[in-house]
Amino acid sequence: MSGPQARLSSITSQLSPYPPRGIASVVTKSADDVVITSALRTPFTKGGKGGFKDTHASDLLAHVLKATIERSGIDPALVEDMAVGTVLAPGGGATEFRAAALVAGFPVSTSVKSLNRQCSSGLQACVDIANAIKNGMIDVGIGAGVESMSLQYGLNAVSEFSELLEAHPEGKNCKVPMGLLSEKMAKDRNIKRADQDAFAARSYQRAVAAQKAGKFDKEIVPMSNVKWTDPKSEEEKTITVAKDDGIRDGMTVETLAKIRPAFAKDGSIHAGNASQISDGAAAVLLMRRSTAEKLGQKIIGKFVAASVVGVEPLLMGIGPWKAIPEVLKKAGISKDDVDLWEINEAFASQCLWCINELGLDQNKINPNGGAIAFGHPLGCTGARQVSTLFNELERTGKRIGVTSMCVGTGMGMAALWVKE
Amino acid sequence: MLEFRTQGFAGHAVKYSPFFDSRLAVASAANFGLVGNGRLHILGLTANGIVAEKWFDTQDALYDLAWSEIHENQLIAAAGDGSIKLFDIGIDQFPIQSWQEHKREVFAVHWNLVSKDTFCSSSWDGCIKIWSPHRPESLTTLPTHSCTYSAAYSPRSPSLLSAVSSDSHLRLFDLRTPASAANHLILSVPLHSPPPAQIGQPRSPVIPPSEALTHDWNKYRDNIVAAAGVDRVIRTFDLRAPQQGPLSILAGHEYAVRKIAWSPHLPDILLSASYDMTCRVWNDGSGVKGPESADALAYGGGRQLGQMNNHTEFAVGVDWCLFGSEGWCASVGWDEKVLVWDVRAVMGQ
């Protein structure tokens with residue numbers, strides 16, 4: 001740069017808004033950043049049928065935690081706290097998860113909590129740990145998520161509503177089943193079945209292609225010695241689960257069009273354009289950048305910001321639509337700065353509505369498929385998205401990623417991550 | 001308020017003569033210092049207002065100046081072409097000496113206030129240089145490896161000097177230390193480090209590093225230095241305890257702060273000039289603590305005392321008059337205005 005241009009750009013940089021906004025501000029590295037050095041998950045398997053149908057959530061968690069220690073090379077004694085998101089486990093799974101951490105090789109000094117923010121529990125776990133690191137409460141932690149929908153999905157997930165709750169118009173709406181309210185939302189917001197099926201078909205096709213290309217191999221930790229009872233012969237077998245088993249090849253708009261609506265005769269939502277019931281676990285290792293550098297941990301990326309918002313319980317599907325602008329605002333960037341989106345496909349209807357309403361580029365969203373194709377183990381998904389996001393950012397050489405999901409009872413969460 | 005127009009030249013720095021209460025000098029540049037000539041104005045304060053006593057034209061923009069502390073007619077100027085020029089008011093037209101060692105724009109010059117026999121300069125080339133007016137080459141080069149907008153000697157010690165640079169750090173050099181790999185550097189303070197956490201107070205927001213553009217040594221309190229820049233706030237530090245973070249953070253400017261100067265008369269008063277076109281007077285909170293500022297960044301009980309809004313472009317230079325009643329000062333800006341005013345007239349604004 002020659003004289004006048006250099007002088008002008010020097011003045012321009014001094015006049016730039018402060019604190020810095022835009023991409024420059026989110027990609028800068030500083031010693032107190034919260035960085036990710038490992039993000040792994042188990043395969044996701046079909047609820048009630050798949051490879052993990054007889055495996056306890058705690059065992060899935062122990063497995064992914066053990067792999068986190070092995071693959072990252074972290075000294076488990078340095079992990080001070082662990083948050084595990086789960087939705088269906090009675091008692092929040094708190095007791096089992098503490099035991100699972102010990103089984104995985106963590107010493108008694110590593111504390112463990114479970115938490116439940118419905119479908120965003122896995123993300124909430126990562127954010128809780130990130131915030132604890134930011135505040136200086138801990139230096140190293142794990143945000144995880146796990147769900148065995150095979151063993152724990154059912155009527156016990158919600159206790160009976162009191163008269164007090166039933167008497168409140170919005171309060172009572174909190175217990176309306178997801179399928180029913182999504183059906184109503186699809187109708188109210190005029191989200192056509194054909195569009196939902198097209199979205200779902202694309203999810204399947206992308207996931208099939210990604211699985212064939214081995215794109216999930218890096219994030220998945222295969223699990224061997226899994227006990228599995230053959231439903232036909234009732235014979236117990238020992239199997240190895242290495243792949244997502246919910247991904248179905250050959251799904252097209254035409255095949256999906258044949259499936260009957262699940263929640264209303266004239267409805268648009270069916271088994272093929274809603275997320276699958278699945279089992280799985282995921283874990284994300286987070287620490288302060290200065291600590292990662294001191295330990296020689298390989299930094300995958302950093303956590304920048306997160307948002308959580310509330311919406312009407314009956315419109316829980318619009319959560320990402322509200323949460324995403326919020327997190328972008330916090331980080332000071334625009335939606336066009338984002339290279340990759342992982343938005344949970346709870347239902348094709350709500351995901352599609354959010355994408356269209358936000359005006360996002362379809363090609364940048366869930367390029368390897370989503371929950372419709374490979375499943376949504378409720379409490380796990382938020383942590384799963386982190387591994388899928390970072391692996392895709394690495395493959396494509398991109399930097400800025402957002403994960404988001406809608407949350408039952410009417411909430412939304414989103415988080416911004418930067419690949420390094 | 002007195003006003004003078006440096007017609008065709010945007011002001012970059014103004015300094016009162018340390019010898020005469022009625023003389024000041026302005027370093028200026030055509031086309032806002034982006035391209036073109038520079039001009040050094042010698043101005044006299046008379047009963048009829050400000051008059052130009054003399055000026056010197058230079059090939060490139062002038063960004064700063066310093067009066068000689070030993071010779072009442074001499075002053076040095078920092079030029080965009082990397083040169084430093086020594087002018088004598090008694091000699092017309094040309095500088096009596098010129099030094100060309102810096103590889104980029106020289107942005108600050110400062111005369112040694114104690115020994116009075118050397119001066120220092122800092123440049124965008126990432127170096128500070130120490131010079132003697134009697135030597136054709138620099139005496140010492142102190143690297144900062146970062147565009148250095150401001151360098152100044154301690155008012156107490158002939159061998160201490162400090163600098164702030166675009167890497168958001170304040171550096172302190174002690175020329176008495178042996179020349180070693182450290183190049184006399186004895187302290188490096190990250191300016192953006194947060195103030196210490198206080199019980200019962202919300203944590204101060206995390207501030208990313210930003211370019212530091214100006215700094216000044218307190219004239220009464222040893223080891224107290226103020227620095228400011230692109231993040232719009234002025235911070236004061238105690239160089240004996242830099243790890244404690246800033247003593248005070250003065251928030252209020254809406255754009256980068258380009259120049260700050262401690263009062264020569266009072267130990268807790270500061271003057272600042274900013275790209276937001278204002279000059280502001282501050283109390284740093286070291287004496288009487290003010291009411292808590294509403295600004296989330298503010299810290300330490302300092303507060304703004306007044307504000308001068310007469311500049312119509314970037315205000316980039318301020319200096320206090322050393323003589324007479326306390327409060328008189330001068331400011332320059334890109335509006336080609338030199339303003340001489342009394343801060344007491346803007347109190348409460």
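The values are calculated or read from the model by the stated rules, or taken from the named source; none is laboratory data. Source: prediction; values computed, not measured. Here the Cβ is made from the backbone with ideal geometry for all residues, glycine too, and neighbour counts use every protein chain on show.
Per-residue answers, yes or no, for (1) without any contact (Cβ under 8 Å) to a residue 24 or more places away in the chain; (2) away from chain A (no Cβ under 14 Å); (3) farther than 20 Å from B:Ser150 by Cβ:
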residue: B:Pro267; (1), (2), (3): no, yes, yes
residue: B:Leu271; (1), (2), (3): no, yes, no
residue: B:Arg280; (1), (2), (3): no, yes, no
residue: B:Asn283; (1), (2), (3): yes, yes, yes
residue: B:Met308; (1), (2), (3): no, yes, yes
residue: B:Glu313; (1), (2), (3): no, no, yes
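With the requirement that a residue be modelled with pLDDT under 85 and facing chain B (nearest Cβ under 10 Å), what does the stretch A:1-23 give you?
A:Ser2, A:Gly3, A:Ser16, A:Pro17, A:Tyr18, A:Pro19, A:Pro20
Considering A:Val34, A:Val26, which residue is at pLDDT 95 or above, in contact with a helix residue (DSSP H, G or I) (Cβ under 9 Å, 6 or more places away or on another chain) and within 14 Å of chain B (Cβ to nearest Cβ)?
A:Val34
Are any residues in the stretch A:400-417 buried (at least 24 other Cβ atoms within 10 Å of the Cβ) and among the hydrophobic types (A, V, I, L, M, F, W, C), and if so, which ones?
A:Val402, A:Met405, A:Cys406, A:Val407, A:Met413, A:Ala414, A:Ala415, A:Leu416, A:Trp417
Note down all Cβ pairs under 6 Å where the first residue falls in the stretch B:153-175 and is within 17 Å of B:Pro190 (Cα to Cα), the second is surrounded by fewer than 18 Cβ atoms within 10 Å (Cβ to Cβ) and not hydrophobic (A, V, I, L, M, F, W, C), and they're at least six residues apart or on different chains.
B:His169/B:Ser188; B:His169/B:Pro190; B:Arg171/B:Ser188
Considering B:Asp60, B:Asp64, which residue is within 20 Å of the chain's Cα centre (by Cα) and either at pLDDT below 95 or of a type in the set (D, E, K, R) (or both)?
None of the others qualify; the one that does is B:Asp64.
Here is a yes/no grid of residues against (1) over 19 Å from B:Pro155 (Cα atoms); (2) crowded, with 20+ Cβ neighbours inside 10 Å:
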{"residue": "B:Asp238", "(1), (2)": "no, no"}
{"residue": "B:Gln244", "(1), (2)": "yes, no"}
{"residue": "B:Lys259", "(1), (2)": "no, yes"}
{"residue": "B:Leu270", "(1), (2)": "no, yes"}
{"residue": "B:Ala273", "(1), (2)": "yes, yes"}
{"residue": "B:Arg280", "(1), (2)": "yes, yes"}
{"residue": "B:Gly285", "(1), (2)": "yes, yes"}
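Take the residues in the stretch A:159-193 that are acidic (Asp, Glu) and part of a helix (DSSP H, G or I), then tell me which one is surrounded by the fewest Cβ atoms within 10 Å (Cβ to Cβ).
A:Glu163
Have a look at A:Lys294, A:Lys227, A:Lys265, A:Lys243 and point out the one that is over 23 Å from the mean Cα position of the chain (by Cα), closer than 24 Å to A:Thr86 by Cα and surrounded by fewer than 19 Cβ atoms within 10 Å (Cβ to Cβ).
A:Lys227
All but one of (1) modelled with pLDDT of 95 or more; (2) away from chain A (no Cβ under 14 Å); (3) in a strand (DSSP E or B) hold for B:Pro155; state the number of the condition that does not hold.
(3)
Pairs only if they're at least six apart or on different chains, beta carbon under 7 angstrom, first in the stretch A:257-283 and more than 25 Å from A:Leu151 (Cα to Cα), second surrounded by 24 or more Cβ atoms within 10 Å (Cβ to Cβ) and among the hydroxyl-bearing types (Ser, Thr, Tyr); list them, first residue then second.
Once the first residue is more than 25 Å from A:Leu151 (Cα to Cα) and sits in the stretch A:257-283, its partners that are surrounded by 24 or more Cβ atoms within 10 Å (Cβ to Cβ) and among the hydroxyl-bearing types (Ser, Thr, Tyr) give A:Ser268/A:Ser349.
Might you let me know whether the stretch A:39-61 holds any residue that is charged (D, E, K, R) and under 26 Å from A:Ala132 (Cβ atoms)?
Yes, some residue in the stretch A:39-61 is charged (D, E, K, R) and under 26 Å from A:Ala132 (Cβ atoms).
Give, as residue ranges, the helices (runs of 4 or more DSSP H) completely inside the stretch A:44-158 that count at least 3 residues that are buried (at least 22 other Cβ atoms within 10 Å of the Cβ).
Of the helices (runs of 4 or more DSSP H) lying wholly inside the stretch A:44-158, those with at least 3 residues that are buried (at least 22 other Cβ atoms within 10 Å of the Cβ) span A:57-72, A:94-104, A:121-134.
Among the residues of the stretch B:79-94, write down those that are more than 14 Å from chain A (Cβ to nearest Cβ) and crowded, with 24+ Cβ neighbours inside 10 Å.
B:Ile84, B:Lys85, B:Phe87
Working only within the stretch B:12-34, note down all residues that are free of Cβ contacts under 8 Å to residues at least 60 places away in the same chain, in contact with a strand residue (DSSP E or B) (Cβ under 7 Å, 6 or more places away or on another chain) and surrounded by fewer than 24 Cβ atoms within 10 Å (Cβ to Cβ).
B:Ser17, B:Ser22, B:Arg23
Would you check if there is a residue in the stretch A:116-123 being in contact with a strand residue (DSSP E or B) (Cβ under 6 Å, 6 or more places away or on another chain) and either within 14 Å of chain B (Cβ to nearest Cβ) or of a type in the set (A, V, I, L, M) (or both)?
So far as the stretch A:116-123 goes, yes, one or more of its residues are in contact with a strand residue (DSSP E or B) (Cβ under 6 Å, 6 or more places away or on another chain) and either within 14 Å of chain B (Cβ to nearest Cβ) or of a type in the set (A, V, I, L, M) (or both).
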